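Values in this text are rule-based calculations from the coordinates and carry no lab data. Being a predicted model, the structure only gives us computed values, none of them experimental. In this analysis, Cβ positions are derived from the backbone assuming ideal geometry, glycine residues included, and neighbour counts consider all displayed protein chains.
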């Protein structure tokens with residue numbers, strides 16, 4: 001049974017690949033040359049002969065066309081480049097996870113600061129952050145105050161985060177979602193380079209020069 005499952009996976013992978021060389025079983029094809037030149041409709045035997053003479057493969061690139069479109073190419077090199085592009089695209093794509101930071105209505109100041117630092121670290125690592133306040137018993141009577149508290153938290157993190165989902169109740173919890181800002185916190189820069197500021201910062205200079213000319217005899 002294990003052999004059958006393995007064989008099935010191989011068949012599925014093979015079915016997704018284009019047909020190459022002798023697997024192309026049609027009488028004629030529309031042929032594209034090695035330099036992407038259009039060679040017209042030719043018998044499949046002629047197309048395979050041209051591919052063999054070039055030392056490469058005949059690859060079916062448009063099987064649903066009538067007749068199918070085939071191209072003369074180095075199929076091994078083509079698959080390598082496809083795999084390389086897929087790996088580069090995967091590396092360049094940004095993967096954002098959702099992290100959760102939980103508070104209680106009576107979270108003490110020290111614990112509150114610790115959790116805020118944790119949320120800031122998560123956002124700095126390009127993760128979404130779900131900020132949750134959990135209620136017990138009579139604490140449910142103070143949901144309005146805790147909604148304001150969540151908004152205050154989002155304001156404190158506004159230098160690196162954007163409020164994505166506003167505070168809302170889910171059973172006995174209230175939560176909001178923060179998204180990381182692109183580029184993180186803006187760095188303060190001294191961009192004021194006006195001539196007036198430059199003159200104010202520089203030491204005063206005596207702009208008047210006195211020149212003593214000797215008498216001519």
For this session: Could you rank the peptides 161-170, 105-114 by their average count of other C-beta atoms within 10 Å per residue, with the highest value first?
Result: 161-170, 105-114
Problem set entry | residue 134 versus residue 64: modelled label distance in nm, points set 7 Å from Cα along the beta carbon direction | 5.2
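According to the Kirkwood expression over distinct Cα-Cα pairs, how big is the hydrodynamic radius of segment 55-105, in Å?
Every distinct Cα pair counted, the radius reaches 15.0 Å.
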Exercise. What is the spread of the Cα atoms of segment 106-163 along each of their three principal axes, largest first, in whole Å?
Worked result: 36, 22, 15
